[in-house]
Amino acid sequence: MIEKKFGIIGKPLSHSLSPILHNYWFKKYNISANYSLIEIEPSEIEGVIKKIRNNELHGINVTVPYKQFVIPFLDLIIDDAKETLSVNTISLNEEGKVVGNNTDVYGIENGFVKKLKNQNLKDNKVIILGAGGVAPSVVYALFNKGVKKIFISNRTHKKAEDIKRRYPFVEIIKWENIDEEIKNMDIIINATSLGLENENNFKQEFKHTKPNLVYYDIIYNPKETAMIKKFKKKGIKTFNGLEMFIYQGQKSFSLWNKLNPELDEELIQKIASELK
Ligand code: ATR
């Protein structure tokens, strides 16, 4: 039996635990396949997509910074990828077309939004920090849950405007004004890559926050970013992106293999033991 090949494209990729997740499931379900890290430059994307077209690669995930960048190389985008113009899962369909999908929205809905079921989400003020590849998925997942007051702030203002053009109900807060506005927020979602390097590179102080604030970091590795540590110290409820990561992976796996893999305890332990 030939071994199918899967992988994740992005740069940097050293933090990614996707190979552990998918290779665990391949073994568990006796699927002859391997999932690897494919760290590439933008100029190499076209070649990778060609491999999918030629059946040399059977599915890829896409991460920082290529979730939007990859779209012009695809034949079509569907479902949540179409809603968000953000692609994290690619495969070849039965008609031989290279299709981009998005499983981040599913990951956010199941990994984070579900945890807040006791919270009056609809009336909460939620600020998203960052307007990069994953930000549209956060906005769309919140919108699906009926959150009405969604704010966004990004170092590069223009990218926040791009989000607003797609989702006009989102309000922009200037990056310089975060510390002023933060006192009104019920939930902060960090969708920037700040924190990946295990240090607090936010210039903002986030001093005057509501006592019942919830802080959510999309980053899952390190499991406690400097911001999570900072908020925890203040007694604020925090979540990392681990569950979102596992759920998006589960949906990608099921799209590729037509099999919904189980999130068993051994897997969760295995992932947890790999985290920084
Ligand atoms: P992702 O797929 O994780 O969203 P991305 O598309 O590369 O990755 O986006 C990274 C996000 O982190 C962006 O919002 C980026 O802000 P800019 O649009 O201004 O680049 C944000 N980010 C990265 N480094 C940052 C820094 N040093 N200060 C502030 N924001 C930063």
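Exactly one residue among Val126, Val105, Val138 is out of contact with any Pro (no Cβ under 6 Å at 6 or more places or on another chain), under 22 Å from Leu76 (Cβ atoms) and hydrophobic (A, V, I, L, M, F, W, C), and that residue is Val105.
Looking across segment 61-80, the residues that are under 20 Å from Ser16 (Cβ atoms), crowded, with 16+ Cβ neighbours inside 10 Å and of a type outside the set (D, E, K, R) come down to Asn61, Val62, Thr63, Val64, Tyr66, Gln68, Val70.
In segment 61-69 there is no residue matching the filter, namely being assigned to a strand (DSSP E or B) and more than 16 Å from the ligand (Cβ to nearest atom). Here Val138 does not fit the description of being away from the ligand (no atom under 15 Å from the Cβ) and either at pLDDT below 95 or farther than 21 Å from Val48 by Cα (or both). Just so you know, in segment 149-184 the residues that are within 22 Å of the chain's Cα centre (by Cα) and either more than 16 Å from the ligand (Cβ to nearest atom) or surrounded by fewer than 13 Cβ atoms within 10 Å (Cβ to Cβ) (or both) include one that is nearest to Ser86 (Cα to Cα), and it is Arg165. Apart from one condition, Glu176 fits all of (1) in contact (Cβ under 8 Å) with a residue 12 or more places away in the chain; (2) more than 29 Å from Ser14 (Cβ to Cβ); the exception is (1). Go through segment 72-145 and tell me which strands (runs of 3 or more DSSP E), entirely inside it, have 3 or more residues that are over 23 Å from Phe169 (Cα atoms). Answer list for segment 72-145: 89-92, 98-101. Within segment 197-209, is there a residue that is at pLDDT 95 or above and crowded, with 17+ Cβ neighbours inside 10 Å? Yes.
Of the numbered criteria (1) more than 14 Å from the ligand (Cβ to nearest atom); (2) over 28 Å from Val62 (Cα atoms); (3) modelled with pLDDT of 95 or more; (4) loosely packed, with under 13 Cβ neighbours inside 10 Å, the one Asn260 fails is (2).
Being more than 23 Å from Lys122 (Cβ to Cβ) and in contact with a Gly (Cβ under 8 Å, 6 or more places away or on another chain) narrows it down to one residue among Ser252, Ser273; which is it? Please lay out each step first, then the result.
Values: Ser273 fails: in contact with a Gly (Cβ under 8 Å, 6 or more places away or on another chain).
Result: Ser252 is the single residue among Ser252, Ser273 that is more than 23 Å from Lys122 (Cβ to Cβ) and in contact with a Gly (Cβ under 8 Å, 6 or more places away or on another chain).
Could you check segment 37-53 and list, in sequence order, the residues that are of a type outside the set (D, E, K, R), surrounded by 14 or more Cβ atoms within 10 Å (Cβ to Cβ) and under 15 Å from Thr63 (Cα atoms)?
Residues satisfying the conditions are Leu37, Ile38, Ile40, Ile45, Val48, Ile49.
Scanning segment 192-209 for residues that are near the ligand (Cβ under 10 Å from one of its atoms) and either touching a Leu at 6+ places or on another chain (Cβ under 6 Å) or closer than 16 Å to Lys174 by Cβ (or both) yields Thr192, Asn201, Phe202, Lys203, Gln204. With respect to Met244, determine if the residue is hydrophobic (A, V, I, L, M, F, W, C), within 19 Å of Ala131 (Cα to Cα), over 17 Å from the mean Cα position of the chain (by Cα) and surrounded by 13 or more Cβ atoms within 10 Å (Cβ to Cβ). So Met244 does not fit the description; no.
Kindly establish whether Asp104 is under 24 Å from Asp162 (Cα atoms) and surrounded by 15 or more Cβ atoms within 10 Å (Cβ to Cβ). So Asp104 fits the description; yes.
The values are calculated or read from the model by the stated rules, or taken from the named source; none is laboratory data. Small disclaimer: the values here were computed from a predicted structure and weren't measured. We place every Cβ from the backbone using ideal geometry, glycine too, and count neighbours over all the protein chains shown.
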